[in-house]
Amino acid sequence: MTYRSLFAAAALLAPLSLAACGSTPKHAEMVSTPQGGARPPEGPAVDRTKCNDKDKHVITADTNQDQKPDVWKYFQNVDSGGQKTEILTCKQVDLNWDGKVDVVYYYDDKGSQVTMDEADLDFDGKFDLSTYYVGGKKVRQELAMNFARRVDIWKFFEDEKLVRIESDTNGDGKVDRWEYYEGGKLDRIGYDTTGSGKVDRWDRAPENEEGGGEASAPAPAAPAATTPPAAGAAAPAAGKAATGPAASTSPPSPTAPSAAAAPAAKTTAPAVGNTPAAPKTAAAVPNTPPAAKKN
């Protein structure tokens, strides 16, 4: 299941009716972040105690009717203008109904916007993806795609558009690859090949050419234009090329020979009307009747 499908499934759970308080779910373990070396700054601070059930009102939902909760919502009483009110601090979801939390949402102090969410993409009990938000907009993602269960990919966003990816490609806990995006497209890649924590080699992204790899190939020549036949000449059969001398005003393209330039000697179809068929050895069929014989 992909990250997108996980969150789509979680969104479907929101409108479901909630049951009374239930057991606290099992939490997925946090993956670690690399220590030392070239590493990106930490993401926005998140108060993880918001998913602690201490001093909170926990409401659960059973979405698959197996008598076990698979959605947990945490509410906390706060003083707002001299009045006590409950705000949502955390929501946890067990997407595959195995008793373990697969997605966690942390909310801001008003309970209106998500500040960070975590997802266990492969249901192995460990979070693989953390996404941070500022003002409701995605600004950063951390992914753990290695067997060491350590964050090795960082994605950065501006106005929710990807602008940079930093990666630890050799698993030593240091960033050694930087990808920069312009207008949503990869622009350049920097590499640290010495372990210094700095870029020492750059690659430019291939330019996106219209037409792909065929942009430099010569375009096929257009069909040769033909002049109208002389008065009284027989019209060529419908759907077939004329069998007379080629009427093109320019030589045919070497990459796309015109059908009108084919040798007439290979044509065996009879002419239209009463005009006799051209002999097989004739070079071409004239478009006008033969001249009258002199006495």
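The figures follow:
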{"quantity": "Pairs where the first residue, in the stretch 54-80, is touching a residue at least 24 places away in the same chain (Cβ under 8 Å) and the second is polar (S, T, N, Q) and in a loop (DSSP other than H, G, I, E, B), C-beta under 6 Å, 6+ apart", "calculated": "Asp70/Thr63"}
{"quantity": "Any hit, the stretch 46-62, residues being part of a loop (DSSP other than H, G, I, E, B), farther than 25 Å from Tyr132 by Cβ and at pLDDT 95 or above", "calculated": "yes"}
{"quantity": "Qualifying residue in the stretch 126-141 (condition: in contact with a Gly (Cβ under 8 Å, 6 or more places away or on another chain) and among the polar types (S, T, N, Q))", "calculated": "yes"}
{"quantity": "Residue that is surrounded by the fewest Cβ atoms within 10 Å (Cβ to Cβ) [pool: residues in the stretch 134-145 that are in contact (Cβ under 8 Å) with a residue 40 or more places away in the chain and farther than 21 Å from Gly173 by Cα]", "calculated": "Val134"}
{"quantity": "Qualifying residues in the stretch 80-99 (those that are touching a strand residue (DSSP E or B) at 6+ places or on another chain (Cβ under 8 Å), among the charged types (D, E, K, R) and surrounded by fewer than 18 Cβ atoms within 10 Å (Cβ to Cβ)) - the one modelled with the lowest pLDDT", "calculated": "Lys84"}
{"quantity": "Restricting the stretch 189-207 to residues that are outside any loop (DSSP other than H, G, I, E, B) and of a type outside the set (Asp, Glu), the residue that is farthest from Asp168 (Cα to Cα)", "calculated": "Arg204"}
{"quantity": "Qualifying residue in the stretch 117-126 (condition: touching a Ser or Thr at 6+ places or on another chain (Cβ under 9 Å), under 27 Å from Lys161 (Cα atoms), surrounded by 14 or more Cβ atoms within 10 Å (Cβ to Cβ) and modelled with pLDDT under 95)", "calculated": "yes"}
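The values are calculated or read from the model by the stated rules, or taken from the named source; none is laboratory data. Please read these numbers as outputs of a predicted model, since none were measured by experiment. Neighbour counts run over all protein chains shown; Cβ positions are idealised from the backbone, glycine included.
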